[in-house]
Amino acid sequence: MDRSALVVPSPHEIQEKRAILHAAGVVFDQLGFDRGTVEAIAAQAGVSKSDVWSHYASKEDLALAVIAAQPKEVAPEPCDVKLQLLVDSGQVLAYQMRTDPMQRAASRLAVEQSSQRLDRCRSWDEWTEIVASLLREADASGELQPGVEIDPFAALCAGCFAGLQTMSQAYSGRMDLTERVATMWRHLLASVATPETYGRLDLSPDRGEAIVTRHRES
């Protein structure tokens, strides 16, 4: 048995690793992968470069950890309309990308053409599967028009979101992302939802912020 696998990190080591990961999120969000240096990450975390290397083998490993740690702590609120859960998932993510550097860093790393050793597909694969799963639930509930190809449509939603967050970053620092995502849902869901279901959807750009606020206050 590998005895090293049995070593339990100390509270200081756990806290230090979390600080480094958050610092990496801040630096990658601001500078991207290529310009974001380990020196900058260490300075942001208040540790030495050797401390960074004690937790992560390379800058690529650190970037992958940021992608893997993409926050998902706020879930959509329960709702009888499955497509509303889909809308809310997108709006919660859009709002978090306005306010959370880890969320923004993970998305930036996923779309930047930087190191070829980064698995940029991971976060988009996860988002696409979330969309596809909710669409399957909506289909089972009779909320979709006949003949909707769920997997291709889920990939389309993920691709549209990726493009919109990049545009929003360029135009407003992502401050208008929730409005852009609301427009996306209005047009995309009109093509697949039954008229009755579409009429029941709340497509307000403020829903994500409201859900996150209620979650924090609960």
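The values are calculated or read from the model by the stated rules, or taken from the named source; none is laboratory data. Here the structure is a predicted model, which means the values were calculated and not measured. Cβ sites come from the backbone with ideal geometry, for glycine too, and all protein chains shown count toward neighbours. Accessible surface is based on the protein model in full, side chains and every heavy atom, while ligands, DNA and RNA are left aside. Shrake-Rupley method; radii C 1.70, N 1.55, O 1.52, S 1.80 Å.
Can you tell me which of 96, 84 is surrounded by 20 or more Cβ atoms within 10 Å (Cβ to Cβ), polar (S, T, N, Q) and either touching a Cys at 6+ places or on another chain (Cβ under 7 Å) or at pLDDT 95 or above (or both)?
84
Can you tell me which residue among 131, 111 is open to solvent by less than 10 Å² (accessible area, probe 1.4 Å), of a type in the set (A, V, I, L, M) and in contact with a helix residue (DSSP H, G or I) (Cβ under 7 Å, 6 or more places away or on another chain)? Spell out the reasoning first.
On the way: 111 fails: open to solvent by less than 10 Å² (accessible area, probe 1.4 Å).
So the residue among 131, 111 that is open to solvent by less than 10 Å² (accessible area, probe 1.4 Å), of a type in the set (A, V, I, L, M) and in contact with a helix residue (DSSP H, G or I) (Cβ under 7 Å, 6 or more places away or on another chain) is 131.
Given the conditions (1) in contact (Cβ under 8 Å) with a residue 60 or more places away in the chain; (2) open to solvent by less than 20 Å² (accessible area, probe 1.4 Å), which single one is not true for residue 207?
All conditions are met except number (2).
Give me a count of the residues in the stretch 30-56 that are open to solvent by 30 Å² or more (accessible area, probe 1.4 Å) and closer than 24 Å to residue 111 by Cβ.
Looking only at the stretch 30-56, we keep the residues that are open to solvent by 30 Å² or more (accessible area, probe 1.4 Å), and these are 30-31, 34-35, 37, 39-40, 43-44, 46-51, 53-55.
Those still in the list that are closer than 24 Å to residue 111 by Cβ too: 30-31, 34-35, 37, 40, 44.
Here the count works out to 7.
Open to solvent by less than 20 Å² (accessible area, probe 1.4 Å) and closer than 30 Å to residue 24 by Cβ - does that describe any residue in the stretch 136-154?
Scanning the stretch 136-154, I find at least one residue that is open to solvent by less than 20 Å² (accessible area, probe 1.4 Å) and closer than 30 Å to residue 24 by Cβ, so the answer is yes.
Give the stretch 164-183 a look and list any residue that's buried (at least 19 other Cβ atoms within 10 Å of the Cβ) and either not in a helix (DSSP H, G or I) or not polar (S, T, N, Q) (or both), or say none.
164, 174, 177, 180, 181, 182
Please specify each residue of the stretch 34-47 satisfying the condition of being under 27 Å from residue 12 (Cα atoms) and either in contact with a helix residue (DSSP H, G or I) (Cβ under 6 Å, 6 or more places away or on another chain) or touching a residue at least 24 places away in the same chain (Cβ under 8 Å) (or both).
36, 38, 40, 41, 42, 44, 45, 46, 47
Go through the stretch 188-209 and count every residue that is in a helix (DSSP H, G or I) and touching a helix residue (DSSP H, G or I) at 6+ places or on another chain (Cβ under 9 Å).
Looking only at that region, the number is 9.
Does residue 67 count as crowded, with 18+ Cβ neighbours inside 10 Å and of a type in the set (A, V, I, L, M, F, W, C)?
Against the criterion (crowded, with 18+ Cβ neighbours inside 10 Å and of a type in the set (A, V, I, L, M, F, W, C)), residue 67 qualifies.
I need the full set of residues from the stretch 177-187 which are of a type in the set (D, E, K, R) and out of contact with any helix residue (DSSP H, G or I) (no Cβ under 7 Å at 6 or more places or on another chain), in order please.
Going through the stretch 177-187, the residues of a type in the set (D, E, K, R) turn out to be 179-180, 186.
Within the stretch 177-187, 179, 186 qualify.
Could you please let me know if residue 123 is surrounded by 13 or more Cβ atoms within 10 Å (Cβ to Cβ) and outside any helix (DSSP H, G or I)?
no
Kindly provide the set of residues from the stretch 135-159 that are at pLDDT 95 or above, hydrophobic (A, V, I, L, M, F, W, C) and not in a loop (DSSP other than H, G, I, E, B), ordered by number.
135, 138, 140, 144, 150, 153, 154, 155, 156, 157
So, residue 105, is that one in contact with an Asp or Glu (Cβ under 8 Å, 6 or more places away or on another chain), within 30 Å of residue 61 (Cβ to Cβ) and either open to solvent by 80 Å² or more (accessible area, probe 1.4 Å) or without any contact (Cβ under 8 Å) to a residue 60 or more places away in the chain (or both) or not?
Numbers: in contact with an Asp or Glu (Cβ under 8 Å, 6 or more places away or on another chain): yes; within 30 Å of residue 61 (Cβ to Cβ): yes; either open to solvent by 80 Å² or more (accessible area, probe 1.4 Å) or without any contact (Cβ under 8 Å) to a residue 60 or more places away in the chain (or both): no.
So residue 105 does not fit the description; no.
Only one of (1) of a type in the set (A, V, I, L, M, F, W, C); (2) within 20 Å of the chain's Cα centre (by Cα); (3) under 20 Å from residue 95 (Cβ atoms); (4) modelled with pLDDT of 95 or more fails for residue 189. Which number is that?
Here residue 189 clears every test but (2).
Got a sec? Which of 30, 70, 44, 113 is of a type outside the set (A, V, I, L, M), modelled with pLDDT of 95 or more and closer than 29 Å to residue 170 by Cα?
44
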